[in-house]
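Engineer: Sharing a structure below in structure tokens format, with a few things to ask.
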Amino acid sequence: MYSIYKITSHPVVDFAAEELKKYLRMMMPECGEIFIKYAPEAKDGLRLGLMSDFGLDTSEAEDLFLDDILHIDTDGENGIIAGSNPRSILLAVYRYLRENGCRWLFPGIDGEYIPICDVKPTKYHKMADCRYRGQCNEGAEFQPNMMEAIDFTPKIGMNVFMIEFDNPKAYYDNYYKHAYNTENREPEPVSADTVKQWKRQCEAEITKRGLQFHDMGHGWTAEPFGISSTDGWVHDENNPVPPESREMLAMLSGERKLYTGVALNTQFCMSNPKARTIVAKYITEYARMHQNVDYLHVWLADGSHNHCECDECRKKTPSDWYVTLLNEIDERLTAEKLDTRVVFICYTDTTWAPTVEKLNNKKRFSFMLAAITRTYSTCVPQTLPEIELRPFVLNEQGSFPEKVEEYIAHAKEWWKNNHCPSMVYEYHFWLHQYHDPGTMDFSKLIYDDIRGYKANGFDGLIEDGSQRSYFPNGFNFYVYAETLFDTNVDYEALKRDYFTHAYGELADDVISYLTDITEAFDMRYVMSGTKFIDGGGKKSAGYYNPEHAKKVRTVKDITAKYAPVFEAHKNMPHRAQSVAMKLLRRHIEYCNGLSEVWTLKALGADPEAVKAFEAFRISFGRHEIEIETYFDQRMCFNSLNRVICAPKTFYEAD
């Protein structure tokens, strides 16, 4: 008879005990009832508690709240499942179950691989190699999926969930308006009040699991001045600016107004002390009202080349004014006795380090690198080469780095005078995941990137991307989570483990299929859009490459080879495997449609490629409801639209 004893009294430990009970009963359906009790004196049974409760050494952790140590020592019905903090206890429960054969292949009940077997004696001890392991909402999100995404986060060993914006209505609009699929689905708009309620629901689920809650980001340059940014990046020249706030807006080309009509992209005049005071007060009040926030992200406006050009602002770089603002925020938070952690960001124009200003209280702050314009054709190097950085020029077009090495060099310039705990805001699961339909090259890039960032001094990543990045499977995300937890984990071992659990005896076939698809599409071709040499030795712009057309035409031969195999195995022993096979069958249709589009593109038939793309988008959109937990229709086709229909840079496209 199994019993679970809570040595520590804490809501997250309560949840961990219930999760352990649930999965043990699923694994051993005839084991009988499992009783849970709070019993600090317990000496037998499965005991959940802090490592300190058991006299275990935690000296390897620099910060017991932030660093996750997992300790497991059981002999079957008895033993210890412990962690350095309450969240780590929950993570240790999931690791214990994983060591006994459980897997979470993608979010939701249909992604659970739970074997029927007795638990075995288990010993495990590990502190996560990266302090920050998580994701931030993006793409087209709907609330049931957000609940599943939060629930999934600790099950795969991650500890951070971030929600961008005070009100993330823009991301919910992407789904509920059914952008990129109105031909198949009728829009069903939701109100700002509904989304605000949903954000609070998300926060409650994050707290229940003890996850680090990271909040906000953009918006601070608009909302304090009475300008709504709730609609995100929508261009609205009629968005009212209160008369008293007009003087606070950044001046560009002699005018103070919303930048291209987008409040979220509008900077404020940071040299204006009155404006900085308004922003600092607003942020301090937000921190006071939201003390469930572990990390408050204070970013400037989105977009680029939009900083104030007035005579006073020109006297310092945007990063110098940014640090001035951060110091004033810190002073107010300190006066209010608020210990809120603040994250500042190396992003667009603040990629360049400040030249004169320094943070006064580094203990308050964490640094975040957001290399949004980097290329994904190469991974983050373990060793940084010597790089000469170009000087900052205010609002200079085309100045942002393309190489991630250059971004890291900028980060190290920041660290010279403002070094504090550092993380990365990455974009693997934003637009770029869709450039490798087979996922095999991209999963290896994610693996190498994490190891490269760690080697260069960063303590983890938060992914800006869709919470539905599981098509045709969750291998990319599995690699992401496992590598952040253990940067020395073997990539090939991860591949074998994931595919064996997701596809059983078909693991090798699926690996071969996806490898062939990856090679045929060639993500470096998709990501490049650069110049290729044609047969006559002339340079042709864009994606014109007849040799690649021959290569991508083989996609239909590949899918024809594997389609009968996948169809014959659509009903698998485990529900999660049956769902995985369903996604593969849809993936075959997806790859066939995409191959037609890229063949035309590579042959230089751009108008025909655009027509084929639109037909493909509408046709494949009829499956959205069926696979929407795993596939983000809006994010995918927005990404492909940028390279197939209107190949522009990020900032031109938005």
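Engineer: Being closer than 30 Å to residue 295 by Cα, loosely packed, with under 14 Cβ neighbours inside 10 Å and polar (S, T, N, Q) is true for just one of 88, 59. Which residue is that?
Structural biologist: Numbers: 88 fails: loosely packed, with under 14 Cβ neighbours inside 10 Å.
Checking each option against the conditions leaves just 59.
Engineer: So if I check each of 622, 586, 617, 634, which one is assigned by TED's automatic domain parsing to the domain that holds residue 526, within 23 Å of residue 513 (Cβ to Cβ) and either in a helix (DSSP H, G or I) or not β-branched (Val, Ile, Thr) (or both)? If you could, list the steps in order and put the result at the bottom.
Structural biologist: Details: 622 fails: within 23 Å of residue 513 (Cβ to Cβ); 617 fails: within 23 Å of residue 513 (Cβ to Cβ); 634 fails: within 23 Å of residue 513 (Cβ to Cβ).
Result of the check over 622, 586, 617, 634: 586.
Engineer: Restricting attention to the stretch 357-378, does a residue exist that is among the hydrophobic types (A, V, I, L, M, F, W, C), surrounded by fewer than 21 Cβ atoms within 10 Å (Cβ to Cβ), more than 30 Å from residue 215 (Cα to Cα) and touching a residue at least 60 places away in the same chain (Cβ under 8 Å)?
Structural biologist: No, the stretch 357-378 has no match at all.
Engineer: I would also like to ask the following. Output the residue which, of all residues in the stretch 62-74 that are closer than 15 Å to residue 125 by Cα and surrounded by fewer than 22 Cβ atoms within 10 Å (Cβ to Cβ), is farthest from the chain's Cα centre (by Cα). Spell out the reasoning first.
Structural biologist: Applying the first criterion (closer than 15 Å to residue 125 by Cα) to the stretch 62-74 yields 67-74.
Then keep just the ones that are surrounded by fewer than 22 Cβ atoms within 10 Å (Cβ to Cβ); that gives 67, 72-74.
Details: 67: 20, 72: 29, 73: 32, 74: 34 Å.
Filtering first and then ranking leaves 74.
Engineer: Would you check which residues across the stretch 396-406 are over 24 Å from residue 308 (Cβ atoms), at pLDDT below 95 and not acidic (Asp, Glu) and list them? First the steps, then the outcome.
Structural biologist: Going residue by residue through the stretch 396-406, those that are over 24 Å from residue 308 (Cβ atoms) are 402-406.
Now restrict to residues that are at pLDDT below 95: 402-403.
Once the filter is applied, which keeps residues that are over 24 Å from residue 308 (Cβ atoms), at pLDDT below 95 and not acidic (Asp, Glu), the stretch 396-406 yields only 403.
Engineer: Within the stretch 557-586, how many residues are among the polar types (S, T, N, Q) and without any contact (Cβ under 8 Å) to a residue 12 or more places away in the chain?
Structural biologist: Residues flagged as among the polar types (S, T, N, Q) and without any contact (Cβ under 8 Å) to a residue 12 or more places away in the chain within the stretch 557-586 amount to 2.
Engineer: OK, next. Can you list the helices (runs of 4 or more DSSP H) lying wholly within the stretch 488-541 that have 1 or more residues being surrounded by fewer than 17 Cβ atoms within 10 Å (Cβ to Cβ) and modelled with pLDDT of 95 or more? Steps first, please.
Structural biologist: Numbers: elements: 491-503, 507-521, 523-528.
Answer list for the stretch 488-541: 491-503, 507-521.
Engineer: Quick check on my filter: what residues within the stretch 9-37 are assigned to a loop (DSSP other than H, G, I, E, B) and over 18 Å from residue 78 (Cβ atoms)?
Structural biologist: Let us first name the residues in the stretch 9-37 that are assigned to a loop (DSSP other than H, G, I, E, B), namely 9-10, 28-34.
Hits for the stretch 9-37 are 9, 10, 29, 30.
Engineer: Follow-up question, since we're still on this one. Any residue at all in the stretch 40-58 that's more than 15 Å from residue 17 (Cα to Cα), among the hydroxyl-bearing types (Ser, Thr, Tyr) and over 32 Å from the mean Cα position of the chain (by Cα)?
Structural biologist: yes
A quick yes/no check of all residues on (1) modelled with pLDDT under 95; (2) aliphatic (A, V, I, L, M); (3) in contact with a Pro (Cβ under 9 Å, 6 or more places away or on another chain); (4) under 19 Å from residue 135 (Cα atoms):
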| residue | (1), (2), (3), (4) |
| --- | --- |
| 408 | no, yes, yes, no |
| 421 | no, no, no, yes |
| 436 | no, no, no, no |
| 449 | no, no, no, yes |
| 463 | no, no, no, yes |
| 467 | no, no, yes, yes |
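Engineer: Please tell me if residue 483 is among the polar types (S, T, N, Q), in contact (Cβ under 8 Å) with a residue 12 or more places away in the chain, on the phi < 0 side of the Ramachandran plot and part of a helix (DSSP H, G or I).
Structural biologist: So residue 483 fits the description; yes.
Engineer: So, one more: Could you say whether any residue in the stretch 130-140 is in contact with a Lys or Arg (Cβ under 6 Å, 6 or more places away or on another chain), surrounded by 24 or more Cβ atoms within 10 Å (Cβ to Cβ) and modelled with pLDDT of 95 or more?
Structural biologist: Yes: the stretch 130-140 contains one or more residues that are in contact with a Lys or Arg (Cβ under 6 Å, 6 or more places away or on another chain), surrounded by 24 or more Cβ atoms within 10 Å (Cβ to Cβ) and modelled with pLDDT of 95 or more.
Engineer: Cβ-Cβ below 8 Å, separation at least six or inter-chain, first residue in the stretch 110-128 and under 18 Å from residue 481 (Cα atoms), second assigned to a strand (DSSP E or B) and among the aromatic types (Phe, Trp, Tyr): which pairs?
Structural biologist: The qualifying pairs are 111/104; 112/104; 113/104.
Engineer: Using beta carbons and a limit of 8 Å, which pairs, at least six apart or on different chains, have the first residue in the stretch 381-399 and over 21 Å from residue 318 (Cβ atoms) and the second one part of a loop (DSSP other than H, G, I, E, B) and among the aromatic types (Phe, Trp, Tyr)?
Structural biologist: Listed by first residue and then by second, the contacts come to nothing, as the list is empty.
Engineer: When you check residue 113 against the structure, is it farther than 22 Å from residue 579 by Cβ and not assigned by TED's automatic domain parsing to the domain that holds residue 577, yes or no?
Structural biologist: Working: farther than 22 Å from residue 579 by Cβ: no; not assigned by TED's automatic domain parsing to the domain that holds residue 577: yes.
In short, no.
The values are calculated or read from the model by the stated rules, or taken from the named source; none is laboratory data. Just so you know, these numbers come straight off a predicted model, no measurement behind them. Positions of Cβ are generated from backbone atoms using ideal geometry, with glycine treated the same way; all protein chains shown enter the neighbour counts.
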